[in-house]
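Written out below as structure tokens is the structure these notes cover.
The values are calculated or read from the model by the stated rules, or taken from the named source; none is laboratory data. Predicted model, so just to flag it, every value in this text is computed and none were measured. Glycine gets a Cβ as well: all are built from the backbone with ideal geometry, and neighbour counts include every protein chain shown. Surface areas here come from the heavy atoms of the whole protein model, side chains and all, with no ligands, DNA or RNA. Shrake-Rupley method; radii C 1.70, N 1.55, O 1.52, S 1.80 Å.
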Amino acid sequence: MSSIKIKNQNMGIISYYTGFIILIVTTLMIIPILTSLLFREWNPLLDFIISMSISTITGLALMLYGIKAKKSKSNIQWKHGFVVASLSWILLAVLCAIPYRLSGNTLSLLDAVFDVMSGFTTTGVVLTQDLDHLSNGLNMWRHLLTFIGGQGMIVLALSLLVKETGGAYKIYAGEGKDVELVPNVKGTARQIWKISMVYLIIGTAALWINGIIIGLRPSSAFLHALYIFESSWSTGGFAPTTQNIMYYHSASYETIAMVIFILGSLNFGLHYAIWHGNSREIYKNIETQSFFATSFTASMIALLWLSKIDAYSDAVMGLRRIIFNILSAHTTTGFGSVYARQFALEWGDFGIMILIIAMLIGGSACSTAGGFKGLRVGIVFKGLIMDVKKILSSERNMRLYKFHHIKDYILEDGAIKSSAIIICCYMFTFAAGTMLGTYYGYPLSESAFESASITGNVGLSIGITAASMPAVMKVYYIVAMYLGRLEFISAFALIGYIFGGIRKTCLSKLKH
């Protein structure tokens, strides 16, 4: 087969599956359309009809372009899977931003794309204006985006496949997930959604009842409960009001949300194992061990520091705010029980540093959480201990070292190396974001805080993220959120594919 045919075949495969994912995700605009109809919001209704039409045409056009490659039954390669995942995220960020821009609640298309990427990546920082007066249709859409993003757009699309293709796992892995709950990818995707939907019913009901108890009207309490659950479970941090979780003035509401976002930050494989009677996985798993060790340590140090500087005179209120914000940071949820500027004014540089570390570590791999994940922290830590033991032990001792993550794995140098590389990528992205913030005149500690929140897909803000910040920072933050959520490899594959194609085209022209 000629190089041109191979190139067209590759483009066809990528185009078809990218179009399929776009079509599935944008079909969900039916939900805000029905919401707008229910509340008689005619302008938002028209916005979503226009947006869904554009998105559907785009998805169908991409599928039609690639239908020939699909029918040829060519094998989906790893490069196809990674490129499909990364490309579909970029296109969906633009298409799903159309209703934001049409609503007039964002100052530019860039701001609209920023908020959609923040939702998809479950980051939770916002540039949307007049948040307290958004239409019900748009509020439903923004929280739906973060809920979908937590599970993954690829996971959603693959769960709706009529017949699983041989390369489905390669597309699935391109979204930063590798957990296999059942032997096939379609079944795994459906199990992930089954777990999420069961928690959706239970969590929304608990928040709804609590909302009524604290004084919200039943209809309003239901919508708030749905929105807060979607943001909690997806560790997304979006809220329907500018006051975020503080709007409810309720310790019980915060506690329910905290339980949900801790559960959301745990690996779907862990949920599946516990649901099927393997409760020992809670304390045997390397991720839960790592999470509870780091979250407990961070909470204790923060409590000691903030009591030392007398940040909160009311001990109960201080305990409530400290524990909530530390766990919100560590699970990369981004709900804030204090205002943005209070982190800078009350927590001090040491308190900010604790939050930065918690945000960068993040939650579990193959969960809805961001950060470089407790699994990688645990593997690198155990690798360090292993190397020390090897140095101190006899050369004849050929002991195998293991770690437990759903099942036992041999701790090999390859696993340690790959974990360390991803952690280094996160740290480089964090450092670059910090430097960019300081370049534009923001204080170092505040720039580092915001960069850690963006890189770790957290959503807590110290006040830097705003519609007035430089456009260059908005673009960088979009890229950093995107890289952090896809865990770099898929995005690197897309860049390599694009530049590899450009290079081949240039060489071909030079030969002629």
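Of all accessible surface on region 46-153 at a 1.4 Å probe, what whole percent is carbon and sulfur?
Details: 2570 of 3890 Å².
Carbon and sulfur atoms account for 66 percent of the accessible area of region 46-153.
Per residue of region 223-231, what does 6.51 cos²θ - 1.76 cosθ + 1.60 with θ = phi - 60° give for ³J(HN,Hα)? Whole Hz please, x for Gly and Pro, Karplus curve as stated.
4, 4, 4, 5, 5, 5, 4, 4, 6
Say a site is exposed when it is one of the trypsin sites (Lys or Arg not before Pro), sits in a DSSP loop, and has at most 13 other Cβ atoms within 10 Å; what is then the longest site-free stretch of the chain? Walk me through the intermediate numbers first.
Working: sites that count: Arg40, Lys73, Lys163, Arg280, Arg396, Arg399.
The reported range is 164-279.
Spin-label point model (7 Å from Cα, Cβ direction): what's the Ile301 to Tyr339 distance in nm?
2.9 nm
Mind giving me the nanometre distance, one decimal, between the label points for Asn43 and Leu60, set 7 Å out from Cα along Cα→Cβ?
2.9 nm
Roughly how many percent of the accessible protein surface of region 217-368 is carbon and sulfur, given a 1.4 Å probe and a whole-percent answer?
Working: 3840 of 5720 Å².
Using a 1.4 Å probe with all protein chains present, region 217-368 comes out at 67 percent carbon and sulfur.
If you place +1 on the Cβ of every Lys and Arg, -1 on the Cβ of every Asp and Glu, and leave all else neutral, what size is the dipole of region 184-469 about its Cα centre, to the nearest 20 Debye? List each step's numbers first, then the result.
Numbers: 20 positive and 15 negative charges, 187 e Å.
For region 184-469, the charge dipole is close to 900 debye.
Which value in nm describes the separation of the simple spin-label points at Asp132 and Lys68, placed 7 Å from the Cα toward the beta carbon?
About 5.8 nm separates the two model spin labels.
Quickly estimate the mean residue ellipticity at 222 nm for the chain, helices only: each DSSP H run with n ≥ 4 gives -39500 (n - 2.57), and the total goes over all residues, rounded to 500.
Details: 22 runs with 350 residues, N = 512.
Roughly -22500 deg cm²/dmol at 222 nm, from the helical runs in the chain.
For the chain, with only Lys/Arg (+1) and Asp/Glu (-1) charged at the beta-carbon, what is the dipole magnitude about the Cα centre, in debye rounded to 20? Don't skip to the answer; put the middle values down first.
Numbers: 39 positive and 26 negative charges, 456 e Å.
Value, rounded to 20: 2180 debye.
Quick check for you: with a 1.4 Å probe and neighbouring chains kept, what is the accessible area per residue of region 184-469, in Å²? Don't skip to the end; give the middle numbers.
Values: 12510 Å² over 286 residues.
Here the residues of region 184-469 average 44 Å² of exposed surface.
Give, in nm to one decimal, the length gained when the segment between Ile410 and Lys308 is fully stretched (0.36 nm per residue of separation minus the Cα-Cα distance).
Details: separation 102, 0.36 × 102 = 36.72 nm, distance 4.37 nm.
Difference between extended and current length: 32.4 nm.
State the answer as a single residue: which of Ser290, Trp275, Ser418 lies farthest towards the positive end of the charge dipole of region 184-469, with beta carbon charges of +1 for Lys and Arg and -1 for Asp and Glu, about the Cα centre.
Trp275
Using semi-axes √(5λ) of the Cα gyration tensor in Å as the read-out, say which of [x] 37, 25, 20; [y] 40, 25, 20; [z] 34, 31, 23 was calculated from these coordinates.
Recomputing semi-axes √(5λ) of the Cα gyration tensor in Å here gives the entry labelled [z].
Can you list the aspartates and glutamates whose alpha carbon sits under 18 Å from that of Lys389, skipping same-chain ones fewer than 8 residues off?
Qualifying aspartates and glutamates at Cα under 18 Å: Glu412, Asp413.
Rounded, prolate or oblate, given the Cα gyration tensor of region 184-469, with a/c below 1.5 counting as rounded?
It comes out oblate by the Cα gyration axes.
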